[in-house]
Amino acid sequence: MFYKPDEGHGLAHNPIAACVSPRPIGWISTISATGHHNLAPFSYFNLVHNFPPTVMFSCNGLKPDESPKDSWVNARDTGEFVYNVATFPLREALNQSSTAWDIEVDEFEETGLKTLPSELVKPMRVAASPIQFECRTIEVKHLPTNRPENPNTVVFGEVVGVHIDEACLTDGMVDYDKVQHISRLGYLDFATIGSRFQLPRVFVKREQD
């Protein structure tokens, strides 16, 4: 099939997210300018650079009261956020934290998640998450939207501090089986890392003049 997104797909559900799968989940913790803690998952998240390490998360839509989502507002106002790795044992708390609560509500308290202080930024870390990145906001960019009720705001942040639970390391490398990352697919589907394989890098030899 072929379709133009602005003309509709004719399927039971929008296939776009299912076509770009799996996607890592950015479990983002922030703190507001007035001191309210926030925790929310974003399936439009990724690492975008290594030098310096840089991540992004995208906030789509508005809260039920039509106000902007707290995560990007907090990241903009305070200049900081934390990425917590989402894992299979934490899937229920992750899902619960996606609820659109008022800004005064502390998602850590609502989900029963314990926190750890960060070293370089103010937002708290999810204690049970085995990996966390402390980030400083680089840019908040509002992308064009063809639905005013569904704005799209992307937050870019430089990773200034990395926490890795040493129990998740094997021979000096992050062990996927020990971390138990989960990712977002399309629709209401999620996944864990299953079978995997390695491919050696291919280098093209160039003839010398």
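No value in this document is a laboratory result; all are computed from the given coordinates. Because the structure is a prediction, the values reported are computed rather than measured. Cβ sites come from the backbone with ideal geometry, for glycine too, and all protein chains shown count toward neighbours.
For Lys178, the lysines whose Cα falls under 24 Å of its own Cα, not counting residues fewer than eight places away in the same chain, are Lys114. Neighbour counts of other Cβ atoms within 10 Å put Phe190, Phe51, Phe81 in the fewest-to-most order Phe51, Phe190, Phe81.
Between Thr99 and Thr192, take the C-beta separation as r, use R0 = 22 Å, and let me know the FRET efficiency to the nearest 0.05. With a Förster radius of 22 Å, E is 0.45. Projecting the Cα atoms of Gln96, Phe2, Gly79 onto the charge dipole of the chain (Cβ charges, centred on the Cα centre) puts Phe2 farthest toward the positive pole. For Lys141, the lysines whose Cα falls under 30 Å of its own Cα, not counting residues fewer than eight places away in the same chain, are Lys4, Lys63, Lys69, Lys122.
Here the label points at His49 and His142, each 7 Å from Cα along the C-beta direction, are separated by 2.4 nm in the simple model. Dipole orientation for the stretch 22-192: of the candidates Pro148, Asn60, Ala191, Pro148 has the Cα lying most toward the positive pole (charges on Cβ; Lys, Arg +1; Asp, Glu -1).
For the stretch 157-197, what is the charge dipole size about the Cα centre, in debye to the nearest 20, if Lys and Arg each add +1 at the Cβ and Asp and Glu each add -1 at the Cβ? Don't jump to the answer; show the numbers that get you there.
On the way: 3 positive and 7 negative charges, 42 e Å.
The calculation lands at about 200 debye.
Among Arg125, Arg201, which comes first, then next, by fewest other beta-carbon atoms within 10 Å?
Values: Arg125 26, Arg201 4.
Ordered from fewest to most neighbouring Cβ atoms within 10 Å, Arg125, Arg201 come out as Arg201, Arg125.
This model, with +1 at the C-beta of Lys and Arg and -1 at the C-beta of Asp and Glu, gives the chain a dipole about its Cα centre of some 660 debye. Separation of the stretch 1-79 and the stretch 97-134 by C-alpha centroid, Å? About 17 Å separates the Cα centre of the stretch 1-79 from the one of the stretch 97-134. Neighbours of Asp177, meaning other residues whose beta-carbon lies under 15 angstrom from its beta-carbon, give a summed charge of -1 when Lys and Arg score +1 and Asp and Glu score -1.
Calculated [222 nm] ellipticity per residue, helices only, for the chain: -3000 deg cm²/dmol; basis is -39500 (n - 2.57) per DSSP H run with n ≥ 4, divided by all residues, nearest 500.
Could you work out the Kirkwood radius for the chain, taking every pair of different alpha carbons, averaging 1/r and inverting it, reported in Å? It would help to have the intermediate numbers written out before the result.
Numbers: mean 1/r = 0.0537 Å⁻¹.
Every distinct Cα pair counted, the radius reaches 18.6 Å.
When +1 charges are put on Lys and Arg Cβ atoms and -1 charges on Asp and Glu Cβ atoms, the dipole computed for the stretch 3-86 relative to its Cα centre reaches about 220 debye.
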